[in-house]
Structure formats: C-alpha cells, structure tokens
1. Only sites in a loop by DSSP and with at most 15 other Cβ atoms within 10 Å count here; which GluC sites (Glu not before Pro) in the stretch A:257-300 make the cut?
2. Which number comes out as Rg/Rh for the stretch A:15-156 once both Rg and the Kirkwood Rh are worked out on C-alpha atoms?
3. To the nearest 10 degrees, how steeply does helix A:430-445 sit against the main Cα axis of chain A, on a 0 to 90 scale?
4. With a point put 7 Å past each Cα toward its Cβ, work out how far A:Ala383 is from A:Ala453 in nm, to one decimal.
5. Taking the Cα centre of chain A as origin, work out the dipole magnitude from +1 charges on Lys and Arg Cβ and -1 charges on Asp and Glu Cβ, in debye rounded to 20.
6. Once the dipole of chain A is set up with Lys and Arg at +1 and Asp and Glu at -1 on Cβ about the Cα centre, which of A:Phe265, A:Val119, A:Asn482 lies farthest towards its positive end?
7. If you fit an axis through the alpha-carbon atoms of helix A:216-228 and take the longest principal axis of the Cα set of chain A, what angle between them do you get, 0 to 90°, nearest 10?
8. Within 10 Å of each candidate Cβ there may be at most 11 other Cβ atoms; applying that plus a DSSP loop requirement, which trypsin sites (Lys or Arg not before Pro) in the stretch A:1-41 survive?
Amino acid sequence: MELKLYDTLTREKRVFKPLDPANVRMYVCGPTVYDFAHIGNARPVIVFDVLFRLLRHLYGVDHVTYVRNITDVDDKINARAAEEYPGLPLNAAIRKVTEKTDKQFHEDVAALGCLPPTVEPRATEHIAEMKTLIERLVASGNAYVAEDNVLFSVPSMHDYGRLSKKPLDELIAGARVEVAPYKRDARDFVLWKPSKPGEPAWPSPAGISAPGRPGWHIECSAMSWKYLGETFDIHGGGIDLVFPHHEDEIAQSRCAFHTPVMANFWMHNGFLQVEGEKMSKSAGNFVTIRELLRGWKGHAWPGSAIRWAMLQTHYRQPIDWNIEMISRSANELLGLLNRLRAGFRAQGLVDFDQLRNALRDRKPSKEVLSTLMDDLNSPEATAAVRAHKSWNIEETIRCAADLTFLGVLKDSDIRYFAAFHAISSDVENSDKMMGLATDYQVARANNDPLFAASVLSQFDNLGLKIVEKESSLLVISKKSDNSNFDESVQRLIEERAKARVAKNWTESDRIRDELAKMGVVLKDTKDGTTWEIAR
RNA sequence: GGCCACGUGGCGGAGUGGUUACGCAACGGUCUGCAAAACCGUGUACCCCGGUUCAAUUCCGGGCGUGGCCUCCA
C-alpha cells in the first residue's frame with residue numbers, strides 16, 4: 001500500500017516517495033500571532049496534523065520533521081501592540097502581544113488534538129538566515145535594491161507562476177495593487193523594507209544603511225531552508241496562500257539555491273466559510289477556536305468534536321462551518337464514546353486507567369490507514385472507524401484506537417467527554433445546572449483548567465459543588481449535602497420498582513420524571529432497571 | 001476581466017463507466033404497562049443540455065449556479 005498525495009503544482013495525485021525515508025520533511029505555514037486563531041486557522045493545523053501522524057506511522061516517529069512557523073513580525077502585530085499596550089515601547093508591546101497570542105494558539109490547537117510540530121521557528125529569530133538568502137538573490141541578479149527596499153525581480157525567473165498557473169503577462173492585467181514607483185516591474189515583491197521609526201528593525205542586508213525588516217514571504221524560505229534544507233518533501237498551507245505567498249517562496253528558494261523545485265509536494269487545504277459567507281468581523285460571522293471551546297451558540301464544544309467535524313470533509317473541499325455541523329459531530333462522538341464505555345463495561349473494565357491501558361500501543365486498523373493513504377481521505381476514514389459488526393470488545397478497542405490515531409480521542413476526552421452529569425434532587429433550576437455541568441465536562445475534556453475553574457466558581461457562588469465520581473460521573477449538589485447520590489438514585493429506582501409491581505403507573509412515572517430532572521435516564525431491561533445520565 | 005475549484009438523497013458528505021458509501025435526522029419493527037435505550041429494517045440521490053459508450057451521477061463539450069484567488073488572509 002502506497003501513500004498517494006495530491007500535488008497542487010502538477011495537479012495530480014502521485015505516489016509519495018520521500019527524499020530521505022530516515023528524515024521525511026514537511027513545512028506548513030503557521031499563524032501570524034496577533035489575535036485569537038479562528039476556526040479557519042484550525043483547518044490546516046488539523047489537516048497537516050493528520051498527515052504528520054500518518055507519516056510518523058509509516059516512517060517512524062523519529063523519522064519525520066514537521067516545521068510550522070510562527071510569524072511574529074507583521075503590520076497587524078504592530079498595530080495590535082500599539083493599541084493594547086500604548087504605554088510600552090513598541091518592541092516590548094509587540095513581545096507581549098506575540099507571547100500571549102502564541103500561548104493561546106498552542107492551548108487551542110492542543111484541545112483540537114494536534115501534536116506539537118517538531119520545530120516551531122519564529123521569524124524574528126531567523127533574521128540572519130533571511131538576510132543570507134537576500135544577499136544571495138541580489139548577487140545572482142534575482143533581486144535588487146531600490147530606495148532601501150530589496151525587491152525580488154519576478155521577470156528574472158522565467159517559470160514564475162507555475163504553482164498558481166498564472167501566466168506571467170496576465171498578472172499585471174488584473175492587478176489592483178498600487179505599484180510602488182521604485183519597482184522595476186509591477187510584479188516584483190518585497191524581500192526587505194525599511195522600518196518606520198519605533199518599529200522592529202534590524203541592520204539591513206545588501207549594503208542598505210537604514211535599518212529594516214523582512215517581507216512576509218522570505219520568512220518561510222529562510223526557516224524551511226534552515227530546518228529542512230534546500231529541497232524537502234511536503235509544503236502545506238491554506239489554498240489562499242498559493243498566490244502570492246507560496247509562489248514567491250518558490251521563487252526565492254529556487255533562485256537562491258538554483259534548484260528545480262522547492263518541495264516535491266505542495267498541499268493546500270480548502271477554504272472554510274461560516275454560515276455560507278467568508279468569515280470576517282464585519283460580517284459578524286467571525287468565530288474563534290477559543291469561542292467554540294468555551295461557548296459558541298450557547299454551548300461549549302469539545303475540541304475532539306470540532307476535529308471530528310472537520311474530518312467529515314475531505315481536506316481539499318470547502319467547508320461551510322455552522323451550528324449543525326458541530327452539534328451533529330458532538331452528538332455522534334458522544335454516542336460513540338458511550339458505546340465504547342458500554343463495551344468496556346461489559347468486559348468488567350470500568351476504570352479509566354484500565355481503559356487507557358487497553359488502548360496503549362494499539363495500531364490503527366488497516367481500513368483506516370488505507371483510506372488515509374489515498375490522499376488523506378478522512379471522510380472515508382471516519383466511515384471506516386464506524387464500520388463494525390458488533391460492539392464486542394475487539395471492535396470496541398479497534399474503534400477507540402482508530403479514533404486515537406486520528407487525534408480525535410485524547411485521554412481527557414476518554415475520561416470526560418462522555419462523562420455523565422447529574423444533579424441532586426434538591427437543587428433548583430436544573431436546566432441551567434445541566435448547562436453548567438456540560439460546560440465543566442467540556443472544560444475537562446479540553447484540558448482547559450481556566451475554564452473549568454470559572455465554571456466551578458459559578459457553582460460556588462450558587463452554594464453548589466460538583467463531585468467527580470468514579471466511572472465518569474459528575475454530580476452537582478448543595479455544598480452542605482453529604483448524601484450519597486448513587487444511593488438516593490438507587491432508592492428511587494427501588495421505590496419505582498415497587499410501584500411497578502403494584503401496577504401503579506402514575507407513581508412509577510412520577511418517580512421516573514423526578515429522576516429525569518436529576519439527569520438520570522432509566523432503562524428497563526429484562527434483567528432489571530439500569531440507569532444512565534441523560535445526554 | 002483573468003485563473004481555479006465545486007454543484008450527490010431532508011441535512012452533512014465519500015465514491016464509482018454497469019453493484020449498499022457513511023453519519024445525522026425521519027419513518028417502520030422487535031422489546032416495553034407506556035417510554036427511554038438497544039437491536040433490526042426502510043428511503044429508489046447524483047444541476048441542465050448535448051456528445052462518446054452496449055451502458056454516465058462518474059469521461060468530453062456547452063450552459064446555469066455557488067465559491068476561492070488575482071490585495072493582508074488558513
């Protein structure tokens with residue numbers, strides 16, 4: 001079975017052969033850190049995390065290098081820094097903004113089940129490499145200095161435009177860019193530009209005396225070079241980066257190194273819209289990962305459900321993100337997890353650690369693998385996860401192992417996502433309490449201690465507490481209440497059983513309703529009544 | 001205007017030149033005092049018009065529609 005990947009450059013699916021199987025190398029354009037990452041940013045992170053996991057499986061964990069950069073020099077960062085920390089010198093303010101945003105980003109994508117890349121280089125720490133590239137390009141005649149800028153000369157590269165399939169001469173026709181007068185050609189792009197007073201600045205290359213800062217595209221050429229070499233295996237990113245960003249990266253790297261290709265495979269994920277429109281703050285449909293994790297449209301959503309939802313669509317297809325998509329996925333995943341738990345329970349495995357041990361070191365099924373080998377066909381992979389003849393223990397473990405391989409199930413999800421929550425009968429306003437309990441459950445599933453703490457303090461203000469019991473049960477009760485929840489549920493069930501024997505249906509239904517208010521759902525089976533917590 | 005995607009059942013969404021995707025929802029059945037849960041089952045989908053073919057949702061051409069890029073953008 002061979003891995004096939006679609007290459008944007010050649011517009012075909014090809015068999016993937018790494019340059020060096022002992023070190024498979026992938027570069028993905030990461031975020032610009034000035035604000036919370038949005039759900040569109042999450043897509044490439046998830047898509048290439050799936051690929052990263054697949055490559056690690058195929059070539060070995062220690063034989064894959066995944067580089068995802070962090071852009072920390074940018075006009076938007078500068079603007080945000082000045083706005084948020086007006087009292088600080090700009091550079092200090094910028095550091096505050098980038099550090100904070102960087103941390104948020106890592107928390108968010110961890111909740112989405114993404115592994116950390118091998119290297120996460122920051123642009124500002126690779127200025128030297130950028131300057132080296134710029135010097136080379138100037139020396140080779142592919143770049144020139146004009147009014148303290150260094151510009152890449154697009155006409156100096158005869159096959160510029162191949163990735164985006166843009167004929168060179170048509171590039172100008174549609175251009176709406178205001179052309180700087182010092183450009184030799186309207187298509188030339190900036191490698192280095194002078195810094196304005198107060199902006200981050202470094203000594204300039206190419207004999208320019210004024211301090212300056214790098215253009216956007218040169219970062220990725222420099223950092224991929226440093227960590228992956230002049231030519232590497234896979235370069236990924238969102239489809240909107242094809243032009244001009246990736247086109248310009250190719251131009252820079254190939255001309256600097258005189259290589260025929262920069263990366264052997266160019267992979268691009270499709271665009272994500274929200275409720276049928278391009279996401280933008282002005283359209284009012286802007287949704288951040290953080291919002292989803294802490295409360296979007298009235299619910300906090302588990303990161304695993306967000307990931308599961310994304311995997312339903314092939315990475316090259318567009319996604320229209322909306323409430324149905326996420327709620328449907330959360331619902332299905334909850335069902336799957338409940339079945340997993342039931343499957344384990346049927347084997348007498350009720351404890352979380354037992355469950356985790358059963359999953360440890362399990363390989364993904366070959367059905368799931370083979371779907372992913374076909375250009376990451378994750379929708380087929382999700383179908384393979386669901387395929388089972390029965391929920392026997394073997395199928396159950398396979399399903400859980402596949403979900404784990406896909407990055408959907410984390411330890412915290414297994415422990416909390418399908419956690420049941422229930423409330424003592426003397427707690428009022430049970431609907432609101434159930435909502436809060438769900439928030440707490442999601443906070444724990446997402447490994448979000450801050451959010452969990454904020455929910456706890458809300459309970460505290462209401463004179464309530466939440467008790468985590470074994471077998472994934474969260475019980476809300478009054479702080480003063482020391483009674484045993486399980487016992488009181490059991491007592492009510494027994495009372496109901498008596499009423500049923502007496503065919504007193506009114507009384508038995510009343511008790512059932514009372515339990516329902518507590519979040520307890522009864523299941524009458526041949527072997528007697530069991531109970532579960534309502535979803 | 002140029003370049004590029006996409007258009008599948010109620011919804012989401014794979015795939016295929018002739019055979020069940022899958023999930024959610026819905027409906028029917030088994031079970032049940034009634035439910036719930038569980039299990040079993042049901043739906044005769046492929047934008048329009050031509051062409052190629054024994055056969056097209058699947059290939060080709062045209063049309064219509066939606067979206068992306070051409071400007072910072074995942």
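The values are calculated or read from the model by the stated rules, or taken from the named source; none is laboratory data. Remember, predicted model here, so these are calculated numbers, not experimental data. We place every Cβ from the backbone using ideal geometry, glycine too, and count neighbours over all the protein chains shown. Surface accessibility is based on the protein's heavy atoms, side chains included, excluding ligands, DNA and RNA. Shrake-Rupley method; radii C 1.70, N 1.55, O 1.52, S 1.80 Å.
1. Of the GluC sites (Glu not before Pro), the ones in loops of the stretch A:257-300 whose Cβ has at most 15 other Cβ atoms within 10 Å are A:Glu275.
2. On the Cα set of the stretch A:15-156, Rg over Rh gives 1.04.
3. The angle comes out at about 50 degrees.
4. Going from the A:Ala383 label point to the A:Ala453 one covers 4.6 nm.
5. 720 debye
6. Value: A:Asn482.
7. In chain A, helix A:216-228 runs at an angle near 80 degrees to the longest axis.
8. Passing both the DSSP loop test and the Cβ count: A:Arg11.
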